[in-house]
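Student: Can you read through this structure? Questions will come right after.
No value in this document is a laboratory result; all are computed from the given coordinates. As the structure is a computational prediction, the values presented were derived from the model and not from experiment. In this analysis, Cβ positions are derived from the backbone assuming ideal geometry, glycine residues included, and neighbour counts consider all displayed protein chains.
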Amino acid sequence: MIRISSKRILALIIFVFLAGFAAAHGRQKAPAKDTVFNAGAVMEIMKQVGDWQLQSWQTTGFKHKKTEWTNAALYTGLFDLSKVSGDEKYDQALINIGSSVGWSTGPNRLMADDYCVGQTYSLLYMKYKQPQMIAPFRHLADSILTLPFSESLDWKNGIQNREWAWCDALFMGPTALAYLSTATGNPAYLDKAVKLWWKTTDYLYDPQQHLYSRDGSYLEKKEKNGAKVFWSRGNGWVLAGLARVLENMPENDARRYSLVTLFKDMAAKIASLQQPDGSWHASLLDPDSYPIKETSGTGFYCYAILWGLNHGLLSKSEYWPVAKKAWLALVTSVQPDGMLGYVQPIGASPDKVNEQSNEVYGTGAFLLAGAQLYQYIGKHHGKL
């Protein structure tokens, strides 16, 4: 009989235990890689969406006039995609478009929709330093500086052709003037943008709800549930436009405090209205009236909130979960070919959508949001 000492038995038991522990520990899987919130994944889906748009233009042409606000909103997203990707094919597409129209704005000189494209012209000018890119818009902006803009904003007599009388205009007009101010170093353009921003705000902003009515005709309109009509994309235009004006305002500008306060108040209200799936429905205060996600408003909110996070205006603990859910709602709306669905068609109030609903401004909002997310991930070195 072989005798084994108690010490050797104890040592054997310890060895077996440690070997088993090591084997079990070795079998544990490494943490799964985040396939959505990492820089590579964000860039991949941004390019997929951007490339789908370029291909769509090549195969079916432009659905809207090249200088129209619809495309102008898209151009802002394509410019940001070019900036974060370093792929100048997106810039080149924009330069080709600008050259094809002689760097002109739309035919209605004083309607904000028709010079929204000016913000992209200014961005391209700041990058490529070609004076022709801003020359026509600068001439128009100089004439805008001379006008009093003293009419009532009541929604009648074609007021939208002369004043920023609807909330969408706050993405179109002040942003164009603000970027031109930065591009030229002329503060007069920003001064006009801020002055007219507050004129529109004084008329359309509800300080209790922290939301904007679409225009004067909606000030007293109600939803089916009795709440006031506040349109998701309309307020998305505003919050995104506000971020873009602040982008061009010096930190020491005395007017900045009031605009930042407005931005924070709106962001808090918008965050409180987010739906469980991360989106915002077409009607903000009556989401059940159109009980489905809408991606143009969601895209602009996602962009503005991420911009606020990137610029230290919003807290990570409160707003990163909101942005994260919003981005998930957006990426799950991208079709396999790269088309973004669930975009509400052109309109002035809440309306229905489906997975095949697409418009260029929705794509622009998606790309703006993606670019801010890409930068946010980079700032945090992927540790979110």
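Student: Placing +1 at every Lys and Arg Cβ and -1 at every Asp and Glu Cβ, with all other atoms neutral, what dipole size does the range 237-356 have around its Cα centre, in debye to the nearest 20? Intermediate values should be presented prior to the final figure.
Tutor: Details: 10 positive and 12 negative charges, 65 e Å.
The dipole magnitude comes to about 320 debye.
Student: Here's something else I'd like to know. State, to one decimal in nm, how far the label point of Thr146 lies from the label point of Ser315, with both points 7 Å from Cα in the Cβ direction.
Tutor: Taking the simple label geometry, Thr146 and Ser315 are separated by 5.1 nm.
Student: Over the range 235-369, what is the relative contact order in whole percent, taking alpha-carbon pairs under 8 Å and six or more residues apart?
Tutor: Working: 193 pairs, mean separation 35.4, N = 135.
Across the range 235-369, relative contact order equals 26 percent.
Student: Are any of the pairs Lys63/Lys352; Lys325/Lys379; Lys221/Lys325 more than 25 Å apart by Cα-Cα distance, and if so, which?
Tutor: On the way: Lys63/Lys352 21 Å; Lys325/Lys379 19 Å; Lys221/Lys325 30 Å.
Correct reply: Lys221/Lys325.
Student: Also, I was wondering about something else. Relative to the longest principal axis of the chain, what angle (0 to 90°, nearest 10) does the C-alpha long axis of helix 316-331 take?
Tutor: The two axes meet at around 80 degrees.
Student: In the neighborhood of Asp215, defined by Cβ-to-Cβ distances under 15 Å, what is the net charge if each Lys or Arg adds +1 and each Asp or Glu adds -1?
Tutor: Details: positive: Lys156, Arg162, Lys199, Arg214, Lys221, Lys228, Arg233; negative: Asp113, Glu151, Asp154, Glu163, Asp168, Asp202, Asp206, Glu220.
Charge balance in the 15 Å sphere: -1.
Student: Running Debye on the chain with equal point scatterers at the Cα sites and no solvent, what base-10 log of I(q)/I(0) appears at q = 0.07, 0.12 Å⁻¹?
Tutor: Each listed q corresponds, in turn, to -0.34, -0.88.
Student: For the range 148-235, how big is Rg over Rh, using alpha carbon atoms and the Kirkwood form of Rh? Display every interim value, and only then the final one.
Tutor: Values: Rg = 14.2 Å, Rh = 13.9 Å.
Answer for the range 148-235: 1.03.
Student: What's the local net charge at Thr67, with K and R +1, D and E -1, over the other residues with C-beta under 13 Å away? Spell out each step's value before the answer.
Tutor: On the way: positive: Lys65, Lys66, Arg109; negative: Glu68, Asp113, Asp114.
Cβ neighbours under 13 Å give a net charge of 0.
Student: Also: Tell me, what is the percent relative contact order of the range 315-384, built from C-alpha pairs under 8 Å that lie six or more residues apart? Display every interim value, and only then the final one.
Tutor: Details: 44 pairs, mean separation 14.2, N = 70.
Relative contact order of the range 315-384: 20 percent.
Student: Under a cut-off of 25 Å between alpha-carbon atoms, report the lysines in cross-link reach of Lys195, not counting same-chain residues fewer than 8 places apart.
Tutor: Within reach: Lys156, Lys264, Lys269.
Student: Determine the dipole magnitude for the range 181-265: charges of +1 sit on the beta-carbon of Lys and Arg, -1 on that of Asp and Glu, nothing else is charged, the reference point is the Cα centre, and the result goes in debye to the nearest 20. Before the final figure, lay out the partial values.
Tutor: Numbers: 13 positive and 10 negative charges, 52 e Å.
About 260 debye.
Student: Using only Cα atoms, tell me the angle between helix 232-247 and the longest principal axis of the chain; keep it within 0 to 90° and round to the nearest 10.
Tutor: Approximately 90 degrees, to the nearest 10.
Student: Rounded to the nearest 10 degrees, what's the angle between the helix 6-27 long axis and the longest principal axis of the chain, both from Cα atoms, 0 to 90?
Tutor: For 6-27 against the chain, the angle is about 20 degrees.
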